[in-house]
Every structure is written in structure tokens, then in C-alpha cells.
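> One structure is given below, represented as C-alpha cells, and several questions about it will come after.
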Amino acid sequence: MKQWTYRILGISFLLCVLFEKINAQQLPIYSQYNLNGFVINPAMTGMDHLMRANATYRRQWGNLPGGPETATASFTTYLEDNNMGLGGYLLWDKTGPTSNAGINLDYSYHIELGNRYHSKKLAFGLALAFYQYRLNGSELLLDEPDDEAAFSNNASKILPDAGLGAVYYTEDFYVGFSVPQSISMNVQFEGVDGISRIRRIAHFYLMAGGKIDIYDSSLILEPSVWIKYAPHSPIHADFNLKATISEFAGVGIGYSTSNIAQFEVDFLIMERARLGYAFSFQFADWQPYLGFNHEILLSFIIDNPKWYNQ
């Protein structure tokens, strides 16, 4: 097979070597985990005991053409009488000529360990998904434009996936573990005279966070840490601290072990809707060539049963 190069992926490959975090990135990245936790850990589905709908869009490496883009639309709810959380989300994720889109369905079962005044719960979750992986040959730049090489045509594969998780939580604290991409396999694309493979590997997450009530709920601090590990890659950790003022506005800062700083803000725009924005950047000499990472989130509470008062 004749050699071919795709400039965007070439830059991304270089970054994979230089950045310890990126070489393990196969799952979508989010800045605002506090409202999207169930995407990483299915046991967190319905953990807030609300009926909620979210929409998120993220653009990574804003100055780099073909940089990662991710969009999700999700729904979660909690069935109080059955101690179950139900949810799901639609995902579209694209990097250069490769993309995947699909649907993920989440289920969680919550075991009551405390009482109505001191609620403590242990939840277990399961996620089932189907994704269509696509390779767009028209976006590849070949060494020889007339070369009928392996990836001159479009190709796609539909594959299943599954995730597992567990979380212990109270009103003010949570700690959990999850394997959101538990099915490892090779995604193989066949061309005219060659084969390309994308190796999908399992990821492992540990997460913990809490709420600190200050001044009779007029100020709430939410520290959290999310730790990720993928085989043959270094352990990666995100540390975040968010402050919510009188439930009207929230501001947050964060830092990751791959030298990425993060800032976020959200506002109550209607009685039950919040609009959030986050951006992040890497402390590196090549930062101007990458640009910022931008993320927008809209969250709407459909029903608020105030589970801890029941």
C-alpha cells in the first residue's frame, strides 16, 4: 500500500506523544462533569433524584482544523418507588476524518443504607450502547492525489458497547468507580488495497466529590476529583472546585495532570434551566497553535421531587 498522510491526524499523533493525557483519549471529554457524571459512570444515573434533560456541545483545540467536536443530548430520571434510575443520551463525536455517533441507554439500582433523615445510598449501574464508527475518505490528504489507496472511500461500522459502575453517595458526598467502555475490540476498515484499524480499549475511572454548605446555603462549594486510567497510558486526574452563589450563579476552576487549566461558569436563566460555559487551555509552548477548548451546556429540570425531604 502506498504511503499516505493526513495532516490533521499527523499533528494529533504528535500531540499524543507529547501529551500524556491525549494518548489515552478514546472517550469524549467533558469539562462540566457535575451535570454529566452518568455519561462516565452509569451508576450515577438518577443520583440527583431529578428528572433532567441536558444538551452539551464541546469544541476542542479551537485553532486546529479538524480538532475534536462532541455533542450530546441526554435525559435522566429517578423512579422513587422502584429505587431505579433510568436515562440515556445521543452522542456525536468527530476528530478529523473519523467520527462516531450512537445511542447509550443507562440503568441504575439504588440501595438505601440510611433513613429518611440521613440518607445514604449505594448504586450500581449498567450502560448498553450502539455506535456507528465512520471513516471519511474524502477528508484524507494523500501523498499522491491520484492514488487509489486504502482510504479513498467512506467506510463505517456499527458496534456494541457496554459500561459498568458503582457509586456510594449521600446528600453531601459521593465516591464511585466505573468502566464506561468495557468492550475492547479492533474497529477495522477495509480499503481497496489495505486495512486500517482503530483499537478500542477499556477505560477505568475513580471519582469523588462533595458539597460544603456555607452561610445557610447562600454559598455552596463543590470540590471533586476524577481519575482515569487506560492500559499502556499514564494515570490522568482532574481536580475541580466549584462555588454556587444562592443557586443563581456558579463559578469553577480546575486543573489536570496533563497541565490543563479549566474555568467554568453557569447561570440560572429560568426557574429550572441553567446555562453553562467552560473553557480550558494547556500550559505549553504550542498552546497558540491549538487554541482553547470550549464547552456549552444547557440543563433543564423537568421534575424536582426533593428526594431528601420525602
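Values in this text are rule-based calculations from the coordinates and carry no lab data. Being a predicted model, the structure only gives us computed values, none of them experimental. Please note: Cβ atoms are built from the backbone with ideal geometry, for glycine as well, and neighbour counts cover all protein chains shown.
> Once R0 is set to 51 Å, what does the formula 1/(1 + (r/R0)^6) return for the Cβ-Cβ distance between Ile302 and His232, expressed as a FRET efficiency to the nearest 0.05?
Efficiency, from the Cβ-Cβ distance: 0.75.
> Run the numbers for Val265 and Leu113: contour at 0.36 nm per residue of separation, minus the present Cα-Cα distance, in nm. Before the final figure, lay out each step's value.
Values: separation 152, 0.36 × 152 = 54.72 nm, distance 3.42 nm.
Result for the pair: 51.3 nm of gain on full extension.
> Right, something else. Cα centroid distance between region 160-186 and region 196-260, in Å?
If you average the Cα positions of each part, the centres end up 15 Å apart.
> Using a 10 Å cut-off around each Cβ, can you sort Arg272, Arg199 from fewest to most neighbouring Cβ atoms?
Arg199, Arg272
> Once you list every other residue whose beta carbon is under 15 Å from the beta carbon of Asn36, what net charge do they have if Lys and Arg are +1 and Asp and Glu are -1?
Surrounding charge for Asn36 is -3.
> Only counting other Cβ atoms within 10 Å, I'd like Val175, Val39 sorted with the fewest neighbours first.
Fewest to most other Cβ atoms nearby, the residues stand as Val175, Val39.
> In addition: Sorted from fewest to most neighbouring beta carbons within 10 Å, what does the list Ser217, Ser31, Ser156, Ser119 look like?
The most exposed by this proxy come first: Ser217, Ser156, Ser119, Ser31.
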